[in-house]
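Throughout, read-outs are computed from the coordinates displayed, never taken from laboratory work. Because the structure is predicted, anything quoted here is derived from the model rather than measured. No Cβ is skipped: glycine too gets one built from the backbone with ideal geometry, and neighbour counts run over all protein chains shown.
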Amino acid sequence: MKKLKQTFANPTKLPIFLNLELSTSRFRLNPGEELILLYDPADRASDANGSALRIEVIPDCDIIELVIYTAESMMFHPDGREASMDFGHA
């Protein structure tokens, strides 16, 4: 099955952390950068509203953090390179 593509862009001045659940993968999206998630639509964790992906904002006053519910564990740079996981803080 063909994978769907979702781009995450960071127009802010702070890093955004992207957590992929059901795995433990975590990625840092620096200001001005983009990361891409390729996901199988059959493996997604959709919500009651029929959304393609369920995305939650984790409230924190120091950083921006998102949880993306998917069976995938990798993200990619726009040029196709795998993004490195980052478990640090801002």
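Annotations
- Residues with amide H under 5 Å from that of GLU65, placed H, sequence gap 5 or more: PHE17, ILE58
- Filtered GluC sites (Glu not before Pro), the stretch 11-90: DSSP coil and at most 14 other beta carbons within 10 Å: none
- If you run the Gaussian network model on the chain, springs between alpha carbon atoms under 10 Å, then out of PRO78, PRO59, PRO31 the most flexible one is PRO59.
- FRET efficiency, 1/(1 + (r/R0)^6) with R0 22 Å, evaluated for THR7 and ALA71 via beta carbons: 0.70
- Hydrodynamic radius of the chain per Kirkwood, over alpha carbon pairs, in Å: 13.4
- Summing charges over neighbours of PRO78, with a neighbour being any other residue whose Cβ is under 11 Å away from its Cβ, gives -1 when K and R count +1 and D and E count -1.
- With R₀ fixed at 22 Å, the C-beta to C-beta distance from PHE87 to LEU38 puts the FRET efficiency at about 0.50.
- The trypsin sites (Lys or Arg not before Pro) of the stretch 1-63 that meet both conditions, a loop assignment by DSSP and at most 14 other Cβ atoms within 10 Å of the site Cβ, are LYS2, LYS3, LYS13.
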